[in-house]
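K.L.:
Please read through the structure below; I'll follow up with questions.
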Amino acid sequence: MPKTLSCIEVTQLSKSFGKIVVLNNISLNVAKGEFFGLFGSNGAGKTTLLKILTGQLSADSGEVRTAGYSISDPISIKRSVGIVPEAESPPTFLTAREALELSCLLRDLKNVNERVDRWLDFFDLQVKSDVLCRDLSKGQRQKLMLASAFIHEPSLLFLDEAFINLDPIYQRRLREYLKKIVEEGRTIFLCTHLLEMAEKLCSRVAVINKGNIVAQGAIDELRSKEGEGLEEIFIRAVNGENAHIP
Amino acid sequence: MVKMRIFRDLNKHLLIDMIKEEWRLHRSLVGGLGSTFFPLIIFVMAATCALIAPLIARNLNQTTILLMLHAASLFYGFYVGGFGSIGEQIMTKRLGQVNMLLQLPQIYPISFKKVMATFFVKDSLFYLVYTYVPMILGISIAATYIGISQFGILRLGVTAFLAFMIGMGLSFVSSAASSRSKLFGALTYLIIIIIALLVYPFNILQPQQVLLPFAYWTDRSLIWPILSIMLSIGLAAAGSLLIKERYEIKQTKFNNSLLKINERLPVTGEIRPLVAKEWLELSRSGNILPAVGGYALNLLVIVFISWLFNYGFGIPIGFNVVFFSAFVGVLGVMTYSSLTIIEHNDYLNLMPLGVDSLIKAKLMIYFILTSGFTVGFVILIGLIKGEIYLIPQSLLVAACMSIYVVAVTAYLTGLWTNTLFFGAKTILKFALMVIPPLIIIEIGTIILPFNSGLATLMITSASVLGLVASGLLFMRLKKHWRNASFSYISNGE
């Protein structure tokens, strides 16, 4: 990976679908080793931004570099990062184990069996290792998507509503793992509506509303008063500075 | 009474919404121009066929032509009517992230039977407007030149559409029965096959006794269209009633074999695990037999076309084995297309690879599945026709054209052959790329007995050029599909 202080650099990024402007002149920086949270209302542009950052979508204008690579080189980006999408969709006709093996083979990883066993154990999926992915529960599919994103130990992780569908035990297990890897110097970009969870994890956040970044910084910097929670910060940012918080 | 209630209960608004959904889905896939172009093609083809009908009528009697038309309609309906498997596809998320009105029963108080009955009606209207109306209009344009009355053509359109509806109904019932029990499904298919065999080759039943819309043309009695309407409604109702309301999620277990298959494959790079994945998907989804069977059926179609030329058009061309070999690749388009509809592949958007890698893997699977049949077919036809000396040249033609046509198909339609192939631009490009070398080879085969030197030059150079062009297309796949996503709707542009 090319040497850079920022893991994600976004400058004046815009994206439209037809006449609908989804992202409007967005600028954003995420440093190495940060646990960064992105919040926004439904349809605010979070998933579109994440897809552009991970090379799944092209931008109309602006500069975007992820893990040191321009988004015009999506394959290098995807090789360097781990992505957990909003909707879980593992391969229908592969078993749980094969889905993870495929992830390793496509990334040209060594020690495939060792890696696969580690993540099947982590999510307690060994008993389901020979079951077709289509026959797994929603939560089990979500665990597979997480395992597939973690299996190559990427230095940068993009998680879009990664905690949804997980029970409290696995939410905690995942939270502890994410904390640990950030301590090790890896970077996480998290999109979520679970603000309580994000407040415990994120060092810096941004709020996106109607395609614009309306607030950005460390949670403490964004607080207007002592003890203000992330939920209040979010509502204030989305509704405007003086808006009434119900 | 119960059967009829399903149709009485049809929700008008749901039907209208399904028609809108179909239209918008179609437009989103092939564009507005493409959507308009398809019925136009049907119109032109029907007009052309009608204009050459007198030529065919000189060699085949009218009854045979009518029988062929109705039988083709019946098979067309049977081909498109397998709605019974849709429920399973939806429940197992085979359509990826695409949501359709068919999924309503999952969260709304509406039965899947009712939704499927509406879907059946919607599809019938779609095929009527999109295929049969332009077909009849095309024939009617030519009517004045061929001396058939407009009323006669209208009647032909009605009976042909009824044959289509019966075919679609039969397919609906069989597929719905299969979704309940494999044995039940196999039985319905077996009954259909036995009835077909009793008609031909055993001649125990007459075609008009089975193909009721065709029976109208034997005695002009209105009872046959009325019975046909009742039969098609009955089949549609039976199919709807057989549809399962719940699809239990069974935990299907398989031996983990991806790594083993991957190690055995004689290819390298990221394509290797993709070929292994494709093979597992093909075998576990039960699609190997339909893909291989479909290809074998295509080869029989080639033989049928030659029969049609010899006995239908009465064109006394001595078709040799080289002629047959050139067509092998053209009909492989459908087999390649069938390989692109097995899995949604959304998850590959997260992996470090481009769409071109999966296209290449699918091409590899295509050749693994079809090469043996192609070689066997060419050798068999060569032996039957006593043209052993032409077999090596025929194998070269079959190999080159097979590779070229499927390379063109993959280049133009990528992972969405089934839908992009209906686009105006795609069809035109395909025709411009495939028809010229095919014509050169076929002219070569025709003049082969008279000027073998020139013929061999034409055949060999067109074949080799096709092979070279395939290589170029293969290399350009990456650039052509660089912006495409693996998701369901993506035209790569």
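The values are calculated or read from the model by the stated rules, or taken from the named source; none is laboratory data. Fair warning: this is a prediction, and the values are worked out from it, not measured in the lab. Please note: Cβ atoms are built from the backbone with ideal geometry, for glycine as well, and neighbour counts cover all protein chains shown. Just so you know, the surface numbers come from the protein's heavy atoms only, side chains and all, with ligands and any DNA or RNA stripped out. Shrake-Rupley method; radii C 1.70, N 1.55, O 1.52, S 1.80 Å.
K.L.:
Give me the pairs, please: first residue somewhere in region B:237-257 and closer than 25 Å to A:C133 by Cβ and within 7 Å of chain A (Cβ to nearest Cβ), second residue anywhere and assigned to a helix (DSSP H, G or I) and modelled with pLDDT of 80 or more, beta-carbon distance under 6 Å, and either six or more positions apart or on two chains.
P.N.:
B:I249/A:D135; B:Q251/A:D135; B:T252/A:D135; B:N256/A:R97; B:N256/A:E98
K.L.:
Mind listing whichever residues of region A:180-199 are out of contact with any strand residue (DSSP E or B) (no Cβ under 8 Å at 6 or more places or on another chain) and either among the acidic types (D, E) or open to solvent by 70 Å² or more (accessible area, probe 1.4 Å) (or both)? If you could, list the steps in order and put the result at the bottom.
P.N.:
Kept after step one, since they are out of contact with any strand residue (DSSP E or B) (no Cβ under 8 Å at 6 or more places or on another chain), are these residues of region A:180-199: A:180, A:183-185, A:194, A:196-197, A:199.
Passing the criteria: A:K180, A:E183, A:E184, A:E196, A:E199.
Every residue, every condition in (1) in contact with a Cys (Cβ under 8 Å, 6 or more places away or on another chain); (2) under 30 Å from B:V44 (Cα atoms); (3) hydrophobic (A, V, I, L, M, F, W, C), yes or no:
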{"residue": "B:I359", "(1), (2), (3)": "no, no, yes"}
{"residue": "B:L383", "(1), (2), (3)": "no, no, yes"}
{"residue": "B:F430", "(1), (2), (3)": "no, yes, yes"}
{"residue": "B:P436", "(1), (2), (3)": "no, yes, no"}
{"residue": "B:T445", "(1), (2), (3)": "no, yes, no"}
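K.L.:
For B:F184, indicate whether it is within 16 Å of B:G82 (Cβ to Cβ), touching a helix residue (DSSP H, G or I) at 6+ places or on another chain (Cβ under 6 Å) and open to solvent by 60 Å² or more (accessible area, probe 1.4 Å). Before you say what the answer is, go through the steps one by one.
P.N.:
Working: within 16 Å of B:G82 (Cβ to Cβ): yes; touching a helix residue (DSSP H, G or I) at 6+ places or on another chain (Cβ under 6 Å): yes; open to solvent by 60 Å² or more (accessible area, probe 1.4 Å): yes.
In short, yes.
K.L.:
What pairs come out if I take residues in region B:140-153 that are free of Cβ contacts under 8 Å to residues at least 60 places away in the same chain and pair them with residues that are open to solvent by 20 Å² or more (accessible area, probe 1.4 Å) and of a type in the set (S, T, Y) whose C-beta lies under 8 Å away, six or more apart or interchain?
P.N.:
Once the first residue is free of Cβ contacts under 8 Å to residues at least 60 places away in the same chain and sits in region B:140-153, its partners that are open to solvent by 20 Å² or more (accessible area, probe 1.4 Å) and of a type in the set (S, T, Y) give B:Q150/B:S140; B:I153/B:S140.
K.L.:
Additional query: Looking only at region A:64-74, filter to residues that are of a type outside the set (S, T, Y) and open to solvent by 10 Å² or more (accessible area, probe 1.4 Å); which one of those is nearest to the other protein chains (Cβ to nearest Cβ)? Steps first, answer last, please.
P.N.:
Here is the first cut: in region A:64-74, the ones of a type outside the set (S, T, Y) are A:64-65, A:67-68, A:71, A:73-74.
Add one more test, that the residue is open to solvent by 10 Å² or more (accessible area, probe 1.4 Å), and what stays is A:65, A:71, A:73-74.
Numbers: A:R65: 17, A:I71: 11, A:D73: 10, A:P74: 8 Å.
Only one residue tops the list, namely A:P74.
K.L.:
Sort through A:R97, A:R107 and tell me the only one that's in contact (Cβ under 8 Å) with a residue 24 or more places away in the chain and farther than 17 Å from B:F486 by Cβ.
P.N.:
Working: A:R107 fails: farther than 17 Å from B:F486 by Cβ.
Of A:R97, A:R107, the one residue that is in contact (Cβ under 8 Å) with a residue 24 or more places away in the chain and farther than 17 Å from B:F486 by Cβ is A:R97.
K.L.:
Scanning region A:38-63 for residues that are under 13 Å from the mean Cα position of the chain (by Cα) and touching a residue at least 40 places away in the same chain (Cβ under 8 Å), which turns out farthest from the other protein chains (Cβ to nearest Cβ)?
P.N.:
Checked region A:38-63; the qualifying residue farthest from the other protein chains (Cβ to nearest Cβ) is A:F39.
K.L.:
Which one is least open to solvent (accessible area, probe 1.4 Å) among residues in region B:262-285 that are more than 10 Å from chain A (Cβ to nearest Cβ) and free of Cβ contacts under 8 Å to residues at least 60 places away in the same chain?
P.N.:
For region B:262-285, the residue satisfying everything is B:L265.
K.L.:
Could you tell me whether any residue of region B:381-389 is part of a helix (DSSP H, G or I) and within 15 Å of B:A326 (Cα to Cα)?
P.N.:
The initial filter retains those residues of region B:381-389 that are part of a helix (DSSP H, G or I), namely B:381-384, B:388-389.
This time we only want the ones that are within 15 Å of B:A326 (Cα to Cα), so: B:381-382.
So far as region B:381-389 goes, yes, one or more of its residues are part of a helix (DSSP H, G or I) and within 15 Å of B:A326 (Cα to Cα).
K.L.:
When you scan region B:361-374, how many residues do you find that are within 13 Å of B:Y295 (Cα to Cα) and open to solvent by 10 Å² or more (accessible area, probe 1.4 Å)?
P.N.:
Of the residues in region B:361-374, 7 are within 13 Å of B:Y295 (Cα to Cα) and open to solvent by 10 Å² or more (accessible area, probe 1.4 Å).
K.L.:
Just the residues that are within 30 Å of B:S35 (Cβ to Cβ) and of a type in the set (V, I, T), please, taken from region B:428-446. Please lay out each step first, then the result.
P.N.:
Applying the first criterion (within 30 Å of B:S35 (Cβ to Cβ)) to region B:428-446 yields B:428-439.
Result: B:V434, B:I435, B:I439.
K.L.:
Counting only residues that are among the hydroxyl-bearing types (S, T, Y), give me the helices (runs of 4 or more DSSP H) lying completely in region B:206-302 with at least 1 of them.
P.N.:
Where helices (runs of 4 or more DSSP H) fall fully within region B:206-302 and carry at least 1 residues being among the hydroxyl-bearing types (S, T, Y), they are B:212-219, B:223-242, B:271-284.
K.L.:
Would a scan of region B:211-220 turn up a residue that is surrounded by 14 or more Cβ atoms within 10 Å (Cβ to Cβ), within 30 Å of B:L51 (Cα to Cα) and of a type in the set (D, E, K, R)? Before you say what the answer is, go through the steps one by one.
P.N.:
Kept after step one, since they are surrounded by 14 or more Cβ atoms within 10 Å (Cβ to Cβ), are these residues of region B:211-220: B:211-218.
Filter once more, so that each one left must be within 30 Å of B:L51 (Cα to Cα): B:211-218.
So of that shortlist, the ones also of a type in the set (D, E, K, R) come out as none.
No, the conditions are met nowhere in region B:211-220.
K.L.:
For region B:121-152, which residues satisfy the criterion of being of a type in the set (V, I, T), over 26 Å from the mean Cα position of the chain (by Cα) and in a helix (DSSP H, G or I)? Talk me through it step by step, then tell me what you get.
P.N.:
If we filter region B:121-152 for residues that are of a type in the set (V, I, T), which is where we start, we get B:121, B:129, B:131, B:133, B:136, B:139, B:141, B:144, B:146, B:148.
Still in the running and over 26 Å from the mean Cα position of the chain (by Cα): B:141, B:144, B:146, B:148.
If the condition is that a residue be of a type in the set (V, I, T), over 26 Å from the mean Cα position of the chain (by Cα) and in a helix (DSSP H, G or I), then B:I141, B:T144, B:I146 are the ones that fit.
K.L.:
When residues of region A:29-53 are filtered for being in contact with a Leu (Cβ under 8 Å, 6 or more places away or on another chain) and over 21 Å from A:E184 (Cβ atoms), how many remain? Before you say what the answer is, go through the steps one by one.
P.N.:
Here is the first cut: in region A:29-53, the residues in contact with a Leu (Cβ under 8 Å, 6 or more places away or on another chain) are A:31-32, A:35-39, A:45-46, A:48-52.
Those still in the list that are over 21 Å from A:E184 (Cβ atoms) too: A:38-39, A:45-46, A:48-52.
Looking only at that region, the number is 9.
K.L.:
Please tell me if B:P352 is of a type outside the set (S, T, Y) and within 14 Å of chain A (Cβ to nearest Cβ). Give the steps one after another, and end with the answer.
P.N.:
Details: of a type outside the set (S, T, Y): yes; within 14 Å of chain A (Cβ to nearest Cβ): yes.
Answer is yes for this residue.
K.L.:
Just to be sure I understand, how many residues within region A:215-235 are more than 23 Å from the chain's Cα centre (by Cα) and open to solvent by less than 30 Å² (accessible area, probe 1.4 Å)?
P.N.:
So in region A:215-235, the residues more than 23 Å from the chain's Cα centre (by Cα) come out as A:223-228.
When the remaining residues are screened for being open to solvent by less than 30 Å² (accessible area, probe 1.4 Å), the result is A:228.
Looking only at that region, the number is 1.
K.L.:
Here is a follow-up. In region A:89-102, how many residues are more than 7 Å from chain B (Cβ to nearest Cβ) and open to solvent by 10 Å² or more (accessible area, probe 1.4 Å)? Quick ask: steps written out before the conclusion?
P.N.:
Taking region A:89-102 first, the residues more than 7 Å from chain B (Cβ to nearest Cβ) are A:96, A:99-100.
So of that shortlist, the ones also open to solvent by 10 Å² or more (accessible area, probe 1.4 Å) come out as A:99.
Selection size over region A:89-102: 1.
K.L.:
Of the residues A:R97, A:R118, A:R65, A:R79, which single one is basic (K, R) and under 29 Å from A:L230 (Cβ atoms)? If you could, list the steps in order and put the result at the bottom.
P.N.:
Numbers: A:R97 fails: under 29 Å from A:L230 (Cβ atoms); A:R118 fails: under 29 Å from A:L230 (Cβ atoms); A:R79 fails: under 29 Å from A:L230 (Cβ atoms).
None of the others qualify; the one that does is A:R65.
K.L.:
Additional query: So in region A:75-88, with the set limited to residues that are buried (at least 24 other Cβ atoms within 10 Å of the Cβ) and over 29 Å from B:F254 (Cα atoms), which one is nearest to the other protein chains (Cβ to nearest Cβ)?
P.N.:
If we take residues in region A:75-88 being buried (at least 24 other Cβ atoms within 10 Å of the Cβ) and over 29 Å from B:F254 (Cα atoms), then A:K78 is nearest to the other protein chains (Cβ to nearest Cβ).
K.L.:
Would you be able to tell me the number of residues in region A:146-175 that are in a loop (DSSP other than H, G, I, E, B), within 13 Å of chain B (Cβ to nearest Cβ) and either polar (S, T, N, Q) or closer than 17 Å to A:E34 by Cα (or both)?
P.N.:
Summing the residues that are in a loop (DSSP other than H, G, I, E, B), within 13 Å of chain B (Cβ to nearest Cβ) and either polar (S, T, N, Q) or closer than 17 Å to A:E34 by Cα (or both) in region A:146-175 gives 1.
K.L.:
Ok, one more. Conditions: (1) more than 23 Å from A:V205 (Cα to Cα); (2) open to solvent by 20 Å² or more (accessible area, probe 1.4 Å); (3) β-branched (V, I, T); (4) in contact with a strand residue (DSSP E or B) (Cβ under 8 Å, 6 or more places away or on another chain). A:T47 meets all but one. Number of the miss?
P.N.:
Of the numbered conditions (1) more than 23 Å from A:V205 (Cα to Cα); (2) open to solvent by 20 Å² or more (accessible area, probe 1.4 Å); (3) β-branched (V, I, T); (4) in contact with a strand residue (DSSP E or B) (Cβ under 8 Å, 6 or more places away or on another chain), the odd one out for A:T47 is (1).
K.L.:
Identify the single condition in (1) without any contact (Cβ under 8 Å) to a residue 60 or more places away in the chain; (2) open to solvent by 50 Å² or more (accessible area, probe 1.4 Å); (3) touching a strand residue (DSSP E or B) at 6+ places or on another chain (Cβ under 7 Å) that A:N212 does not satisfy, given that it satisfies every other one.
P.N.:
(1)
K.L.:
Collect the residues in region A:121-132 that are more than 9 Å from chain B (Cβ to nearest Cβ) and hydrophobic (A, V, I, L, M, F, W, C), keeping them in residue-number order. Step through it out loud before you land on a result.
P.N.:
Quick first cut of region A:121-132, residues more than 9 Å from chain B (Cβ to nearest Cβ) only: A:121-127.
Hits for region A:121-132 are A:F122, A:F123, A:L125, A:V127.
K.L.:
List the number of the failed condition for A:F123; all other conditions in (1) more than 21 Å from A:I77 (Cα to Cα); (2) of a type outside the set (G, A, S); (3) touching a residue at least 40 places away in the same chain (Cβ under 8 Å); (4) touching a Ser or Thr at 6+ places or on another chain (Cβ under 9 Å) hold.
P.N.:
A:F123 satisfies every listed condition except (4).
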